[in-house]
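The values are calculated or read from the model by the stated rules, or taken from the named source; none is laboratory data. Source: prediction; values computed, not measured. Neighbour counts are summed over all protein chains in view; Cβ atoms, including those assigned to glycine, are modelled from backbone coordinates with ideal geometry. These accessible areas exclude ligands, DNA and RNA; they are computed on the full protein's heavy atoms, side chains included. Shrake-Rupley method; radii C 1.70, N 1.55, O 1.52, S 1.80 Å.
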Amino acid sequence: MGSRSKALALYKQILKESKKFTSYNYRNYAIRKTRDEFRQNKDVTDPQKLKDLFKKAKDDLEIIQRQVLVGQMYDGGHLVIEHPKTS
């Protein structure tokens with residue numbers, strides 16, 4: 001599997017995991033940060049830089065997975081913005 005397809009799979013995995021955050025703010029921040037970082041590095045071709053970026057992304061995925069679990073254990077409820085008022 002090429003590095004581009006690996007990056008895409010990792011990107012999708014991070015986004016999928018980020019969407020599991022119970023906190024609206026954490027969820028949106030993680031998704032936005034992921035998209036920004038992957039876009040910023042989309043043209044990197046240096047093998048060592050790619051290796052470093054993959055390691056960082058995998059580490060970030062592990063952090064997100066842990067934080068999602070912690071967030072689920074200590075759910076603080078939902079914000080008003082998460083429940084649109086229906087009239």
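Listed residues 47, 84; which is at pLDDT below 95 and closer than 21 Å to residue 3 by Cα? Checking each option against the conditions leaves just 47. Looking only at region 38-59, residues that are closer than 20 Å to residue 16 by Cα, open to solvent by 50 Å² or more (accessible area, probe 1.4 Å) and either part of a helix (DSSP H, G or I) or in contact with a strand residue (DSSP E or B) (Cβ under 9 Å, 6 or more places away or on another chain) (or both) come to 7 in all.
Among the residues making up region 20-38, those that are modelled with pLDDT of 95 or more and of a type in the set (Lys, Arg) are 32, 33, 35. Sort out which residues of region 60-72 are open to solvent by less than 60 Å² (accessible area, probe 1.4 Å), under 14 Å from residue 20 (Cβ atoms) and either not in a helix (DSSP H, G or I) or not hydrophobic (A, V, I, L, M, F, W, C) (or both), and write them in order of number. Matches in region 60-72: 71 only. Within region 1-24, the set of residues being under 16 Å from residue 72 (Cα atoms) and in contact (Cβ under 8 Å) with a residue 40 or more places away in the chain comprises 17, 18, 20, 21, 22, 23, 24. Candidates are the residues of region 1-37 that are not in a helix (DSSP H, G or I) and not aliphatic (A, V, I, L, M); the one that is surrounded by the fewest Cβ atoms within 10 Å (Cβ to Cβ) is 2. Between residues in region 38-64 that are in contact (Cβ under 8 Å) with a residue 40 or more places away in the chain and residues that are among the acidic types (Asp, Glu) and surrounded by 13 or more Cβ atoms within 10 Å (Cβ to Cβ), which pairs lie under 7 Å by C-beta distance while being six or more apart or on different chains? The qualifying pairs are 61/17; 64/17.
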